[in-house]
Structure formats: C-alpha cells, structure tokens
Amino acid sequence: RMTVQIANELKRILNTQDVAVVIDASHLCVSSRGIQDEGSSTVTAEYGGVFKDPQRREEFLKYISLNQ
C-alpha cells in the first residue's frame, strides 16, 4: 500500500502519470525474531503511464539493476 501511495503522490506533485516506484524493504521482524533470516527483503513496485508498457518497464528495471 505504501508503494501505491508514494506513486500517487508523485503523480499529483509532478502532474504526470509517468511514474515508476520500486521499494526494496527489509523486515526487522523477520531478521530479529522468528526464523532470523537477515538477508530477507520484499520488493514492491507500482507503475503508471508509459511505465505500464512492458518494454519501458524492462528498460527502467535494467537501469536500476533490478531487471526481473
């Protein structure tokens, strides 16, 4: 939900639909208790405008070194 909220605010502030937001988050609850997996993270993404096109999205992900 946070990723979508950030994307929506960027769209509003920048007055464009062409926004891509990628967040790589570590979960402290996973690393400090339970299974204690210190390398665990979650990546979420939200794309708008031109970034909904798979080719543009791939170009963006390559640029930030997160191509999938």
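The helices (runs of 4 or more DSSP H) found entirely in the chain that carry 1 or more residues being at pLDDT 90 or above and either of a type in the set (D, E, K, R) or over 15 Å from the mean Cα position of the chain (by Cα) (or both) are 2-14, 54-63. For first residues located in the stretch 50-68 and closer than 17 Å to Ile23 by Cα, partners that are open to solvent by 100 Å² or more (accessible area, probe 1.4 Å) and at pLDDT 90 or above and lie 6+ apart or on another chain with Cβ distances below 8 Å do not occur. Pairs meeting the criteria (first residue in the stretch 1-30 and surrounded by 11 or more Cβ atoms within 10 Å (Cβ to Cβ), second residue among the acidic types (Asp, Glu), beta carbons under 8 Å, at least 6 apart or on different chains) are Thr3/Glu46; Val4/Glu46; Ile6/Glu46; Ala7/Glu46; Val19/Glu46; Ala20/Glu46; Val21/Glu46; Val30/Asp37.
The values are calculated or read from the model by the stated rules, or taken from the named source; none is laboratory data. Note that the coordinates shown come from a computational prediction; the quantities given were computed from them, not determined experimentally. Note: ideal-geometry Cβ built from the backbone for every residue, glycine included; neighbour counts use all protein chains shown. Ligands, DNA and RNA are stripped out before the accessible areas are found, and what is left, the full protein with its side chains, is counted by its heavy atoms. Shrake-Rupley method; radii C 1.70, N 1.55, O 1.52, S 1.80 Å.
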